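Q: Mind having a look at this structure? Questions to follow.
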Amino acid sequence: MTKKKMINRNLFLFCCMVFISCEDLIPNDDNDKKSIYVYINPRLPQDDNGYYHLTLNKSKWQTIHRFSGLVTDEDDNPLDVVRFEWSSNLYWVLGDTLGYIIKRGLTDEMVYVNYDTIPITGFEGHIVSTINPACYSNSKGEFSQMSGFVKNMVGDTAEIGITYGLREVSEERNQINFSVVLD
């Protein structure tokens, strides 16, 4: 085989590999749109009116709760790396002291003692959301999000919004809303 034929053959094989391995991420046909299904599990009891109820721990400043869910395609296969953007209508404002750093040491008798307390300041007026802003689904299609409601929100109703979509397929975004009564 001559050198020219060998170069032509390798060039032909390379071009074939490039064209065969290419895939269009954006479907050209509107009938080829992918559907995604989202199942929300707030992990809370629901009343007859459709409101979920979270009992706040009154002995602590903040009650942490995890919302979770599952995302699948139309064939019930889990979808990985779907972005979910979360929002809440409730916020709280930090005071002048965020917390304290307590320095501890050991005595000669090997007993722990606190020898200095340093306040963490400079956050006065900082607005804190009650829910983290975003999360992604894992390889099993599972996603979860943490929220933190404070004890002076007892009696309030949190309106939680979740926006999601497959940006690779379309710019269309979907939204799910639900309400949580803070008892």
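Q: Go through (1) more than 30 Å from E85 (Cα to Cα); (2) in a strand (DSSP E or B) and name the single condition D108 misses.
A: Just one mismatch for D108, condition (2).
Q: Does at least one position in region 137-149 carry a residue that is part of a loop (DSSP other than H, G, I, E, B), at pLDDT 90 or above, in the same structural domain as N41 (by TED's automatic domain parsing) and touching a Phe, Trp or Tyr at 6+ places or on another chain (Cβ under 7 Å)?
A: Step one: filter region 137-149 for residues part of a loop (DSSP other than H, G, I, E, B), giving 137-141.
Filter again for at pLDDT 90 or above, leaving 137-141.
Restricting the remaining residues to those that are in the same structural domain as N41 (by TED's automatic domain parsing) gives 137-141.
Now narrow it down to the ones that are touching a Phe, Trp or Tyr at 6+ places or on another chain (Cβ under 7 Å): 137.
The answer is yes, given that some residue of region 137-149 is part of a loop (DSSP other than H, G, I, E, B), at pLDDT 90 or above, in the same structural domain as N41 (by TED's automatic domain parsing) and touching a Phe, Trp or Tyr at 6+ places or on another chain (Cβ under 7 Å).
Q: Kindly check whether there is at least one residue in region 150-166 that is outside the structural domain of T63 (by TED's automatic domain parsing), assigned to a strand (DSSP E or B), among the hydrophobic types (A, V, I, L, M, F, W, C) and more than 24 Å from W61 (Cα to Cα). If you could, list the steps in order and put the result at the bottom.
A: If we filter region 150-166 for residues that are outside the structural domain of T63 (by TED's automatic domain parsing), which is where we start, we get none.
No: region 150-166 contains no residue that is outside the structural domain of T63 (by TED's automatic domain parsing), assigned to a strand (DSSP E or B), among the hydrophobic types (A, V, I, L, M, F, W, C) and more than 24 Å from W61 (Cα to Cα).
Q: Another one. If you go through region 117-136 one residue at a time, how many are surrounded by 10 or more Cβ atoms within 10 Å (Cβ to Cβ) and at pLDDT below 85? Show your work before the answer.
A: Taking region 117-136 as the starting set, the residues that turn out to be surrounded by 10 or more Cβ atoms within 10 Å (Cβ to Cβ) are 118-124, 126, 128-136.
From what is left, the residues that are at pLDDT below 85 are 118-124, 126.
Residues flagged as surrounded by 10 or more Cβ atoms within 10 Å (Cβ to Cβ) and at pLDDT below 85 within region 117-136 amount to 8.
Q: So E124 ticks every box in (1) part of a loop (DSSP other than H, G, I, E, B); (2) assigned by TED's automatic domain parsing to the domain that holds N138; (3) more than 30 Å from G165 (Cβ to Cβ) but one. Which box is left unticked?
A: (2)
Q: Restricting to region 66-92, and then to whatever is aliphatic (A, V, I, L, M) and over 15 Å from Y39 (Cα atoms), can you tell me which residue is modelled with the highest pLDDT? Explain how you work it out, then say what you get.
A: Step one: of region 66-92, the residues aliphatic (A, V, I, L, M) are 70-71, 79, 81-82, 90.
Now restrict to residues that are over 15 Å from Y39 (Cα atoms): 81, 90.
Working: V81: 88, L90: 94.
Selected residue: L90.
Q: Inspect all residues belonging to region 89-99 and state whether any of them is charged (D, E, K, R), outside the structural domain of G148 (by TED's automatic domain parsing) and either part of a strand (DSSP E or B) or closer than 25 Å to V180 by Cα (or both).
A: no
Q: Within region 45-68, can one find any residue that is in a strand (DSSP E or B) and free of Cβ contacts under 8 Å to residues at least 24 places away in the same chain? First the steps, then the outcome.
A: We begin by selecting, within region 45-68, every residue in a strand (DSSP E or B); these are 46, 52-54, 62-68.
Now drop any that are not free of Cβ contacts under 8 Å to residues at least 24 places away in the same chain, which leaves 46.
Yes, because at least one residue in region 45-68 is in a strand (DSSP E or B) and free of Cβ contacts under 8 Å to residues at least 24 places away in the same chain.
The values are calculated or read from the model by the stated rules, or taken from the named source; none is laboratory data. This structure is a prediction, so every number in the text was calculated from the model and none was measured. Methodologically, a virtual Cβ is constructed for each residue, glycine included, from the backbone with ideal geometry; neighbour enumeration extends over all protein chains shown.
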